[in-house]
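Below is one structure, written out as structure tokens; the observations come after it.
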Amino acid sequence: MIRLTDVEMEYENGTDAIRGITLNIADGEFVFLVGPSGSGKSTIINLLTGELIPSAGRIMVNGFAVSTISGKQLPLMRRTLGVIFQDFRLIEKKTVYDNLSFVMRAVGASPKEIRKRIPYVLELVGLKDKALCHPTELSGGEQQRVAIARALVNNPTTIIADEPTGNLDPDRSLELMRLLIRINELGATVVIVTHEKELVNRFEKRVVTIDGGKIISDQIGGYVGGTIHG
Amino acid sequence: MAKHNIGYFFREGMSNMFSHGFMSFAAIGITVACLLIMGTFSLVAVNADAQLKTLESENEVLAFVNEDYTEDQAKGLQSELENLSNVASVQYISKEDAMASFQAQYPDEQMFQNNLKPEIFRDRYAVHLKDLHLTKETVAALKDVEGIDDVNAYEEISNGFITVRNIATVVCVALILILFVVSIFIISNTIKLTTFDRREEIAIMRMVGATNGFIRWPFVYEGFMLGLLGAVISFFLQWALYEAVARGVATNDTLQLIHIVSFEQLWVPVAAVFGGTGILIGVGGSLSAIRKFLKA
Ligand SMILES: Nc1ncnc2c1ncn2[C@@H]1O[C@H](COP(=O)(O)OP(=O)(O)OP(=O)(O)O)[C@@H](O)[C@H]1O
Ligand SMILES: [Mg+2]
């Protein structure tokens, strides 16, 4: 459950990135967050992960008041999120398997849980036979699927992806979206930031469009507005 | 903390240490230098202090008899010495007795046990004083006695030891402070290098909700290992150095008067202080390096 109430974000240099956003996303929803470059999409993601603190307003994520969260609570809140980045952020000197076991260990999973969980997640993203490869030995699409597997491996309730298809060709992007939809069907809330009009229009999903730090449209299906570049 | 994590932190810490071989080497080296210098000055001070204590407790002046005197002539001096003021008691020690007690001090030195002749010692009187403060006057009176050639009062020597002890203490404190800071600085930089190497991993750990404690532990272990390794190496170096110096002193003609405290009596406190200081330097260095990760 994500709830933003009258959220404003002004960066230290005075940039007003978010100018009053109120947005609710229920558990189990699938939401595209779209908008032109510089409209504030990444800023919203960083507010949700607790990377940024809003200058005004209230943010609730999975029962945690992120806008006023304590240092002790922040890690616990983050365990409810699985975050996927455009640039994957895999550790190149670790194998696919170790990239996953690393984040499981980081939240205190036992070796036994790790051995059980990783094959399941790799199966889900279709990378079962790549477990012992290093990220550099994989294609861009495969690397992105490792990033998704890593976001899933700690069994978060919410998946957040900032431009996950940015580096992929259209076929790979479509494949990736289908995977995220499948993950959503398995129960996770999914929030995807994207530029790709084509892609968004292929699915009948909720689309929240922002521009200039404000929500200009929130509807099912269809990328709104002609000013979107990307 | 779960048990499976401890092994993980330890392995991570070790692998961090080896991934920066040269910096780790430098960090251990500076820790060793710090501990060795600290240890050496402390041990000098300890020995000077021990020497001083023995001298004070002995409260005794040696009056050496003229070498041309026969044993009977030498023994004849006893009553004259006893009659001096401030003399509590007088004990005659023959050449042979002097040699025997000298040998008893160095039971392990084969050279002393086999090759000594009583002739190189002199007959002497051990003169116990009533009041140590009047040592100077009593020594002068003893020297005036016909047949006494030389008086070995410990006053000058004990002043010497006091000076040595004081200098050792001052130098020790100043050096320790400087080296302590330098060691922490170098260890801190070694570990900063590791955190820089691992910044991606740290960012990911934070993103998936690892606690600050979890993120910190491998670095604390790394510092701990660096400090502990430095302590162990310095302990053995210090031991070797100490034994070498002790042997040198024991076989040196002018220094053999000094009785060196045996390392067996000192190794426990030395090990404890080295271990404690090494770990303090290591953990302190790593904490200072990862200060920024303590924040959320
Ligand atoms: N760290 C920062 N400090 C100051 N201003 C920032 C910072 N990050 C972003 N901004 C500004 O905030 C506004 C929103 O940026 P944001 O990154 O959220 O846009 P975006 O919608 O993600 O764009 P894109 O689609 O290009 O990724 C922009 O004007 C940007 O210049
Ligand atoms: Mg962005």
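Relative contact order of chain A: 28 percent, from C-alpha pairs under 8 Å at least 6 residues apart in sequence. For the range A:116-178, the Kirkwood estimate of hydrodynamic radius, built from reciprocal distances between every pair of different alpha carbons, is 12.2 Å. The share of Cα pairs per 10 Å bin across chain B, counted from zero up to the longest distance, runs 6, 21, 21, 16, 12, 10, 8, 5, 2, 0 percent.
For chain A, the Cα-based Rg and Dmax, in that order, read 17.4, 52 Å.
When its C-alpha radius of gyration is set against 2.2 N^0.38 Å (N residues), the range B:60-153 gives a value of 1.15.
Heavy-atom accessible area, probed at 1.4 angstrom with all protein chains present, ranks B:119, A:196, B:96 as B:119, B:96, A:196, highest first. Put the Cα centre of the range B:222-269 next to the Cα centre of the range A:106-177 and the gap is 57 Å.
Between residue A:92 and residue A:70, what is the FRET efficiency for a Förster distance of 35 Å, r being their Cβ-Cβ separation, to the nearest 0.05? If you can, show how the numbers build up before the last one.
Details: r = 34 Å, r/R0 = 0.97.
Efficiency for this residue pair is about 0.55.
Shielding value for A:75-86 is 3, the average number of Cβ atoms from other chains within 10 Å of each residue's Cβ.
Could you list, in their original order, any pairs among A:41/A:128; A:72/A:112; A:41/A:205 whose Cα atoms are separated by more than 25 Å? Violating the 25 Å limit, Cα to Cα: A:41/A:128; A:72/A:112.
Normalised by 2.2 N^0.38 Å, where N counts its residues, the alpha-carbon radius of gyration of the protein assembly as shown equals 1.65. The mean accessible area for residues of chain B, using a 1.4 Å probe and ignoring ligands and nucleic acids, is 52 Å² per residue. The calculated FRET efficiency for residue B:273 paired with residue A:12, based on their beta-carbon distance and R0 = 56 Å, is about 0.70.
For residue A:197, the aspartates and glutamates whose Cα falls under 13 Å of its own Cα, not counting residues fewer than eight places away in the same chain, are A:163. On the beta carbon distance between residue A:5 and residue B:22, with R0 = 56 Å, the FRET formula returns roughly 0.55.
How about the range A:81-166: which GluC sites (Glu not before Pro) there are in a DSSP loop, with at most 15 other Cβ atoms within 10 Å of their Cβ? Write down the numbers at each step before the final one.
On the way: sites: A:92, A:113, A:123, A:137, A:142; in loops: A:92.
Here the GluC sites (Glu not before Pro) that fit, given the DSSP loop and packing criteria, are A:92.
About its Cα centre, the dipole of the range B:60-153 is roughly 220 debye, where the only charges are +1 on Lys and Arg Cβ and -1 on Asp and Glu Cβ. Simple spin-label estimate for residue A:53 and residue B:73 gives 9.6 nm between the two label positions (7 Å along the Cα-to-Cβ direction from each Cα). Using 7 Å Cα-to-Cβ label points, what is the residue B:55/residue B:264 separation (nm, one decimal)? So the label points at residue B:55 and residue B:264 sit 2.7 nm apart.
Can you list the trypsin sites (Lys or Arg not before Pro) in the range B:189-296 that are in a DSSP coil and have 11 or fewer other beta carbons within 10 angstrom?
Values: sites: B:192, B:198, B:199, B:206, B:216, B:247, B:291, B:292, B:295; in loops: B:198, B:295.
The qualifying sites are B:295.
Along its three principal directions, the equivalent ellipsoid of the range A:1-93 from the Cα gyration tensor extends over semi-axes of 20, 18, 15 Å, largest first.
The values are calculated or read from the model by the stated rules, or taken from the named source; none is laboratory data. Since the structure is predicted, the reported quantities are computational estimates derived from the model, not experimental observations. Note that we place each Cβ from the backbone using ideal geometry, even for glycine, and neighbour counts take in every protein chain shown. Note: accessible area is taken over every heavy atom of the protein model, side chains too, but ligands, DNA and RNA are not part of it. Shrake-Rupley method; radii C 1.70, N 1.55, O 1.52, S 1.80 Å.
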